[in-house]
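Every read-out reported here was derived from the displayed coordinates using simple, explicitly stated rules and does not represent laboratory data. Being a predicted model, the structure only gives us computed values, none of them experimental. Neighbour counts run over all protein chains shown; Cβ positions are idealised from the backbone, glycine included.
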Amino acid sequence: MKVFAHRGASGNHPENTEIAISSALNIGVDGIELDLQSCLDDYVIIHDSWLDRTTSGQGKVNATAFADIQRVDAGNGQKVPGLQDVINWVGNKTLLNLELKHTFSLDKLVSTLEHNVDQGRLSREKLIVSSFDHHQLQWLKQHLPWVKIGALTSSIPLGYAEFAQRLNAYSLHLDKNFVNHEFIADAKARGLEVYAYTVDKDEDILAMQALGLDGVFTNFPCNTKQVLAQHGD
Ligand code: G3P
Ligand code: MG
């Protein structure tokens, strides 16, 4: 079962920051999930639409310029990374899952991803773009056919695996509280990868393993890897 560091190794470091990402890389995770968002003039890696919870700054991310966001503290002296930063850091070292949050200018995202692939800084095979916004995923897949898209949902609507297949999704990213055997079997029969978030407790890790999931998003990737290693994964 793949282990994705959720917002980097965010259980031990400020979420969505360089140190959380480098820690996850050092642990040897299978992938890193990061939240991507539009600011006034660029893309940044931050979860909330406001700066207030995770940084020393205030105000809406999409109303703040990249240069001003660079001046706030994202915890322990860390900066809010830009999209180019994380591509440079993660590149093709491990799976990079960018979750679109309040992300606009998708055409600029397409050109940025294409450019980085062309420059050899980003691997097509190792990038997954996910979102709760399936309209955006549909647009992205139409304009960047090689990209792997991950359909995010909290509860699981009936017929969701069939829908995801029609969306041409690569993976399903599900709330751990809603996964069940029948749905996983249906998704796997359709060739979809099935991942669950956010899986931190030992008993939940083992429950996801028993259900046959392909991967989990965890804030504590070191512990998750240890628990899996002790149970034959
Ligand atoms: O991508 C999985 C998970 O991160 C989705 O929820 O709120 O943690 O971004 P959230
Ligand atoms: Mg996320």
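The HN-Hα couplings worked out from phi for the range 44-61 by the Karplus form 6.51 cos²θ - 1.76 cosθ + 1.60 (θ = phi - 60°) are 10, 9, 7, 7, 7, 7, 10, 6, 4, 5, 9, 9, 7, x, 9, x, 6, 4 Hz, whole numbers, x standing for Gly and Pro.
For Glu162 and Ala229, compute 0.36 nm times the residue count separating them, minus their Cα-Cα distance, and round to one decimal in nm. Can you show the working numbers first?
Details: separation 67, 0.36 × 67 = 24.12 nm, distance 3.31 nm.
The span from Glu162 to Ala229 would gain 20.8 nm if fully extended.
Taking amide H as placed 1.01 Å from N in the peptide plane, the amide H of Gly215 sits under 5 Å from that of Lys2, Val194, Ala196, each at least 5 places away or on another chain.
The distance between label points at Asp85 and Ser56 comes to 1.4 nm (points 7 Å beyond Cα on the Cα→Cβ vector). Placing a label point 7 Å from the Cα of Ser22 along the Cα-to-Cβ line, the residues of the range 68-101 whose backbone N sits under 12 Å from it are 78-79, 89. Relative to its Kirkwood radius, the Cα radius of gyration of the chain gives an Rg/Rh of 0.95. The 3J(HN,Hα) values that the Karplus relation (6.51, -1.76, 1.60; θ = phi - 60°) gives for the range 107-120 are, in residue order, 5, 5, 5, 4, 5, 5, 5, 4, 4, 5, 5, 4, 7, x Hz. Gly and Pro appear as x. Each residue of the range 6-14 was assigned a 3J(HN,Hα) from its phi angle through the Karplus expression (A = 6.51, B = -1.76, C = 1.60, θ = phi - 60°), giving 7, 6, x, 7, 7, x, 10, 9, x Hz with x at Gly and Pro.
Just to confirm my numbers, what's the Cα centroid distance between the range 91-105 and the range 143-160 in Å? About 14 Å separates the Cα centre of the range 91-105 from the one of the range 143-160.
Here's how it looks for Asp73: its modeled amide H is under 5 Å from those of Ser56, Gly57, which are all 5 or more places away or on a different chain. With a threshold of 19 Å on the Cα-Cα distance, the over-threshold entries among Lys93/Lys188; Lys2/Lys101; Lys2/Lys93; Lys148/Lys201 are Lys93/Lys188; Lys2/Lys101; Lys148/Lys201.
Under the rule of at least 5 residues apart or a separate chain, name every residue whose amide H is placed under 5 Å from the amide H of Leu96. Close amide H contacts, sequence-distant or interchain: Ile32, Leu127, Ile128.
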